[in-house]
1. Hey, what do the phi angles of region 77-84 turn into as Karplus ³J(HN,Hα) couplings, whole Hz, using 6.51/-1.76/1.60 and θ = phi - 60°, x for Gly and Pro?
2. If amide H atoms are built 1.01 Å from N in the plane of the peptide, which residues on other chains or at least 5 residues away come under 5 Å of the amide H of residue 85?
3. If each residue's Cβ is checked for other Cβ atoms within 10 Å, how do 139, 82, 57 rank with the fewest at the top?
4. In whole angstrom, how far apart do the alpha carbon centroids of region 240-288 and region 140-205 sit?
5. For helix 147-159, what angle does its Cα long axis make with the longest principal axis of the chain, in degrees from 0 to 90 and rounded to 10?
6. Rank the residues 176, 130 as a footprinting-exposure proxy: fewest other Cβ atoms within 10 Å of their Cβ go first.
7. Any idea what the dipole of region 218-288 comes to, in debye rounded to 20, about its Cα centre with Lys/Arg Cβ at +1 and Asp/Glu Cβ at -1?
8. Rounding to the nearest 10 and keeping the result within 0 to 90°, find how far the Cα-based axis of helix 174-184 lies from the longest principal axis of the chain.
Amino acid sequence: MWVSNNWQDYALLDCGNGQRLERWGKVHLVRPDPQAIWQPALQHPRWQQPDARYFRSKEGGGHWERYSLPAEQWQINYRELSFNVKPMNFKHTGIFPEQAVNWDTAASLIKGANRPVSVLNLFAYTGGATLAAAAAGASVCHVDAARGMVSWARENAALSGLAEKPIRWIVDDCVTFLRREIKRGKKYDAVIMDPPSYGRGPTGEVWKIEEGLFPLISLVKEVLSDDPLFVFVNLYSGGLAPSVGGYMLGRLLCPELGGTVACDEIGLSVEGTGLPLPCGATARWIRT
């Protein structure tokens, strides 16, 4: 498992009974996690007295109960990057902290290339990968169908001192955008994808990962430059193993481009046990 263990402003203190106890800066949150089917390891007082707790509804969705949050949003840092955090619908906070292991890998590859690198970040959310790539020296095209997420990502870029970096901010359906880029002949040296299990584009386009992922990677291949650096695919759908992404990258990219494929779960270290909690999966194609 690839574990994001370089955080200082975030900590997964404990997990169990289908929940996580987390510290986001100085704020403690309790959120659902269906993977944590064991008993918690700690008798931590914040289990009973968090600053906010998310409750699922039997009818679907859920809600936050806010007890002592210092503000509607607050700031945390990862290395040189800064992010606004705020409790949102469906238990989210605007950051998937386990993705930091991918941010670090992408940044290392960009710095090690010793040449200009253009990165396309699809389903780019609030911009963690975008900011990591820009801070490493890349030019980035950030694409997400949700206007609010793109605005949030721009706020994070400003907080991180990256507002003047070469970042294109695009609100569009990612598949539609890719097809346009292919027609325009636009090329990228690296692509990062974080497709949801299910979603809708800004004009009602329906996305289902089981149906759309292979065609998506096929389109991505068409926008890769003559000297591509890497392609990352993140998978959060519960039914897909890490090797699914690895198989697709291996089949679509390696025969023509060579390179190597690696895939694994990504996770977070639990302070109470020292063990990693699985939080998703990533497949990586890297030009060697």
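Quick note: the coordinates plus some simple rules give every number you see, no bench work behind them. The shown structure was predicted, so the numbers you read here are calculated from the model rather than taken from an experiment. A quick note on method: Cβ atoms are made from the backbone with ideal geometry, for glycine too, and the neighbour counts reach across all protein chains shown.
1. For region 77-84, the Karplus curve yields 10, 9, 6, 8, 9, 10, 9, 7 Hz.
2. 74, 75, 76
3. Ordered from fewest to most neighbouring Cβ atoms within 10 Å, 139, 82, 57 come out as 57, 139, 82.
4. If we compute the Cα centre of each part, the gap is 22 Å.
5. Value to nearest ten degrees: 80.
6. Fewest-to-most ranking of 176, 130: 176, 130.
7. Dipole size: approximately 120 debye.
8. 20 degrees
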